[in-house]
Amino acid sequence: MNPRFAAAGAALALAACGSQPSSTASTKPTPAPPHATAAPDAAKLLPGSAHYLLHTRIHIQQDFTGLPPVIELGYSIYLSTAVTGPADSSGWPTSFTIDSILTDSGLTMPPGMNLAAARGYRLAGRVKSNGEFVSGVSSDSGVAQSLGQLLPRFRNFYPRLAGRELKPGDAWSDTTNTTDATAGGTITTKSISRRTAAPWGTRNGVRALPVNVMSTFDFSGTGDGGGFPFSIEGAGAGTATQYLGADGRYLGAESRDSSSLSLILPTQGATIPRRQIAQTTLTLLGQ
């Protein structure tokens, strides 16, 4: 889960969007089935299905005449996951399905975003033993293009592991370079993350191993917003805590990212500076 990418995508899509009332509907997820049990002294991901609630809140400040000085974006995604065995050399067969996307009360999405179109959207691929999701195949390229900046970065949905198992005190670093399609263009991000497994604790009453993550990142991109070319560049930092259950389930996470960026509009001869903070909570439902 990487809310900074959602924030960067929102920066492109929200060039002139303010806050307006919106209506929402509710979706009641079904309980997750029982999972296999992992070793009591180590945590690892195991096959199983689950339902999650992903809530993201983004605060954007911008300094440009004619645009709102503050933009608030908030939304919830209900999604289902299925990781099945047996694994092969490329990992476990895995799918993500969007049940619904709901806007926070009193807020709205950029014009033209049809959140109802996301219902049933599915991404199928593989999860490697280190937690990385790869080889994703989308069920609807149109949804992926139009709503991609709101969806989780599925490649990093699960905690990135140093090996097949984690124990308290394990520490490691990794560097990733990713390119994501968003808001009529692409954004390339380089991220350096330092991860540490903390002592065993609990997450919503379930025994859990917390993984603390500290990241720094920079990004740049280009695109075209309805006939208006743009480029974007920026940098930031983030922290997160992800929770692995003793039974092999991913129990959820909390994260906070902050970044500064410049949205450059060459046709208009304008550069829009922005500062933004994204906070995200991932909650396992029906546990």
(Q) Quick check: pseudo-label points 7 Å beyond the Cα along Cα→Cβ at T222 and T239, how many nm apart are they? (A) 3.8
Q. To the nearest 0.05, how large is the calculated FRET efficiency for T65 and S105 if R₀ is 41 Å and r is the Cβ-Cβ distance?
A. 0.85
Q: For helix 3-13, report the angle its Cα long axis makes with the longest principal axis of the Cα atoms of the chain; keep it between 0 and 90° and round to the nearest 10°.
A: 20
Q. Tally Lys and Arg at +1 and Asp and Glu at -1 over the other residues with C-beta under 14 Å from the C-beta of G120: what net charge comes out?
A. 0
Q.
Going Cα to Cα from K190, which aspartates and glutamates come in below 17 Å? Please leave out same-chain ones fewer than 8 positions away.
A. E132, D174, D180, D218, E233, D257
Q. Summing -39500 (n - 2.57) over the DSSP H runs of n ≥ 4 in the chain and dividing by its residue number, what mean residue ellipticity at 222 nm do you reach, to the nearest 500 deg cm²/dmol?
A. -2000 deg cm²/dmol
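Here, each number is a calculation from the coordinates, and none is a lab measurement. Please read these numbers as outputs of a predicted model, since none were measured by experiment. Every residue, glycine among them, receives a Cβ derived from its backbone with ideal geometry; neighbour counts consider all protein chains shown.
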